[in-house]
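The values are calculated or read from the model by the stated rules, or taken from the named source; none is laboratory data. The model shown is predicted, which means the values in this text are computed figures rather than measured ones. As a convention, Cβ positions derive from the backbone with ideal geometry for all residues, glycine included, and neighbour counts pool all protein chains shown.
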Amino acid sequence: MNSFRNKVPYPIQLILFWMLLFAVFRLLFLLLYSDQTEGGAMHTARAFIAALRLDLSMSCYLTTLPFLFWILHQYFPKGPWHKLGKWLHFLLIPLVVTILISNIGLYESWKTLLNKRLLLYLKNPAEISHFMDTWKLILLPVLLVGLSWGIIVLKNKITDSYQEVKKVFLHFIIGIPLLFFGIRGGWQLIPINESSASYSSFPANNHLAINPVFYFLHSASEFFFVSDKYHFFSEEEAQKITEDFLLPEENTALGDSLTTTGKPNVVIILLESWTADVLERNGATKGVAPFTDSLINESLWCKNAYASGYRTDQGLVAVFSGYPAQPDNTILAYPAKTETLPALSDDLKKQGYATSFFYGGDIEFANMGSFLNQHSMDYICDKTDFNASEYNSKWGAHDGSVLQKQIDFLNKEKQPFFSGLLTLSTHEPWEVPIETPFKSNSDYDKFCRAAYYTDHCLREYFAQVKKQSWYNNTLFVLVADHGHYLPLNRNLNFPESRRVTLLFTGGALHPNLKGKSIERVVAQHDIAATISAGLSLGQHYPFSRNMLRSKNGFGFYCNENATGIITDKAHHIFFFGNSQHDGDPQLEKLNKSYLQRAYADFVSR
C-alpha cells in the first residue's frame, strides 16, 4: 500500500479510487437486480467492461478540482489548498454515495436509473419515500452516513494527498490535458455520453453498465436547461410524415355522438397503474377486476388504449390536456410551460361548468396542484381533507374514502360539473383495508390485491351514483394514469406494458355506444379531443385525436430508454442509448417524426 501511495501520482490514485468505488456499487446493483438482467452470465458480465470509459470520464471529473488543489499545495505548502482538497472530498464522497445508494433503492420501483425526476419530487421530500419500503427508508440514512464515513477513511488510507513531487509544472501541463481527455472520453468529435456504455439490447444490462452519477448529473443539468435534442428530420418533413398518417378521419359505425346531451356532467377517474392486464376481458389475469369487467357491457371500451408516459404526472397532463409525455422529462416541472397548455377544465369552465378534483395524497406532489390551479379548478381535495384513520401507511387516503368524498361533494354541486379523481391504492406498497382472494406477499398478489380493492370501491361507487339524480346526465371516463410491469412482469420498454384500461360509461353515454368497443389502437391523450369534439368545444389539442373518427390506429409512448409507437398492424421501438430498433422498420420515420414534433413543442412552450 505504501508503495502505491509513494510511487503512483496522487491524481492517478484518485482516479483508481473512484473507478474501484463505481465497480463495487455496480457489483452490488447486479447482486440485487440480477433477475432484471438478460442474455446470460457472460453477456451481463460485459457490463463491467462496457462501463470503463464512462466510469473513467466521471472519475476524471471528480479528480480535476482536487488535482488543482494538489498542484497549488506543491507551490504553496503553507496555504489552505490541502485542507480545501480534504474538505472537498468530505462533500464529494457523500454526494456520490447518496446518488449510488438512491439509484439502487429506487430502481426496483422506477426501473430506470436515478434521474432529474428526483429534483421535482424533492420539492415534497416526504413523497419520495413512497417509492421505497419502510425498512429501506430506515436503513437509508444509516447506510449513507456509515458508507460515506467508511469510504472517506478508505480513501485516506489508499491515497496520499500530502504527496510531494518534483517537476510540478510538468505534472500540471501533462495532467490537465489528460484529465480533459479522460472527461471527453477521447478526441472524438462528440464528447462521451451514456451511449458509450450501452452495449446491450436489454435495458437492465445497460442500466448496469451506465455510470449512475454521470447519468444523474447529466439528467439534472437538463432539468434547468431544456434543449431540443430529438431532431431527425427537417421540421417540414417531420410534419408531413406525421400528418399524412394521423390526420385522416372517417365516418365509423360508432357515429359522431358521444353523449345524449350537449352539456353533460363529466367525471374522469384516473386509476393508478391500471394496466389492461387487470381485466379478464383482455385474456390476462382472472378475478382481479370483476366489476370493471362487467361494467364494459354498458360502456364504450377502448380495447387497445396506450399511455404515453410512465408516471402519474405525465398521465394527468395526457388526459386533461391531450399532451403526450416526454422521454426524460415532465412538463409539470415547468409551470411556465404548463400554463400554455389547453385543458378540458378550462374549456368546460368557459361553458359554465363547476370544476373539482379529488386525490387522497399530497396534491403538491410532482407539481400536480400547480397544474390544476392553472387550469380553472374551482375545488381541489387532497389528503389534508381526510382523517388519518383513512390513510394507508404511505400515500394517503384509501380509494374508498376518496370516491365517497367525491360523491358527497357532487351531490351538493351545481350542474353541469366537471370532476376529476385520482386513485392511489394500486401504487406501491399496495396496502388495502379489506380481505381479498390474493393472499401471498408476492408482488403479483400484492398488486392484484390492490387492484381488486379499487375495483371493489368502484362497484360501491357506481352502486351509489346510479341512484343520484345527476347520473343520467353524466359521462364517466375510467382510464389508467399509466401502465405497469405488474401483474405479468412486462418489459417497460415494450408496448404491452403501456396498454391501459380505458372506457367511457354513465347515463349520458350515447345508447349507440353502450356495449361497444373500439378495436383499433387509441392513445390515452386522445381523450381530450374526443370529449372536446363530443361536447362541441372546438379542436385545439394538437396531439389529441377524436377516437370516434380517427382512421388510423396510433399510440405513442416513451421513457428514458426508448420511444415507441403502435399502430393497428405493428409497432416500432427506437432505443436511445444504442440506436437499436425493434418492430416494423417501415414505422421508424413515423416514430422519430412524432417524437421530434412532440418534444420540439415541449421545448418551445
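Being out of contact with any helix residue (DSSP H, G or I) (no Cβ under 7 Å at 6 or more places or on another chain) and surrounded by fewer than 23 Cβ atoms within 10 Å (Cβ to Cβ) is true of Ser389. Looking only at residues in region 155-175 that are of a type in the set (A, V, I, L, M) and in contact (Cβ under 8 Å) with a residue 40 or more places away in the chain, the one that is nearest to Thr98 (Cα to Cα) is Ile158. For region 72-84, the tally of residues that are in a helix (DSSP H, G or I) and either at positive phi or out of contact with any His (no Cβ under 7 Å at 6 or more places or on another chain) (or both) stands at 5.
Within the option set Gly577, Gly553, Gly564, being closer than 19 Å to Gln524 by Cβ and under 23 Å from the mean Cα position of the chain (by Cα) holds for one residue only, Gly564. When only residues in region 46-68 that are touching a residue at least 24 places away in the same chain (Cβ under 8 Å), closer than 12 Å to Gly175 by Cβ and of a type outside the set (Phe, Trp, Tyr) count, which is surrounded by the fewest Cβ atoms within 10 Å (Cβ to Cβ)? Result: Thr64. In region 99-151, the residue that is modelled with the lowest pLDDT out of those that are within 25 Å of Gln326 (Cα to Cα), hydroxyl-bearing (Ser, Thr, Tyr) and part of a helix (DSSP H, G or I) is Ser129.
Please find, within region 396-415, the residue that is nearest to the chain's Cα centre (by Cα) out of those that are part of a loop (DSSP other than H, G, I, E, B) and either crowded, with 21+ Cβ neighbours inside 10 Å or among the charged types (D, E, K, R) (or both). Among residues in region 396-415 that are part of a loop (DSSP other than H, G, I, E, B) and either crowded, with 21+ Cβ neighbours inside 10 Å or among the charged types (D, E, K, R) (or both), the one nearest to the chain's Cα centre (by Cα) is Gly396. The strands (runs of 3 or more DSSP E) found wholly in region 436-533 and carrying at least 3 residues that are more than 22 Å from Gln314 (Cα to Cα) and not assigned by TED's automatic domain parsing to the domain that holds Ser200 occupy 517-523. Note on region 283-304: among residues that are in a helix (DSSP H, G or I) and among the polar types (S, T, N, Q), the one that is nearest to Leu119 (Cα to Cα) is Thr292. Looking only at region 163-195, filter to residues that are assigned to a loop (DSSP other than H, G, I, E, B) and among the β-branched types (Val, Ile, Thr); which one of those is farthest from Ile15 (Cα to Cα)? The qualifying residue farthest from Ile15 (Cα to Cα) is Ile190.
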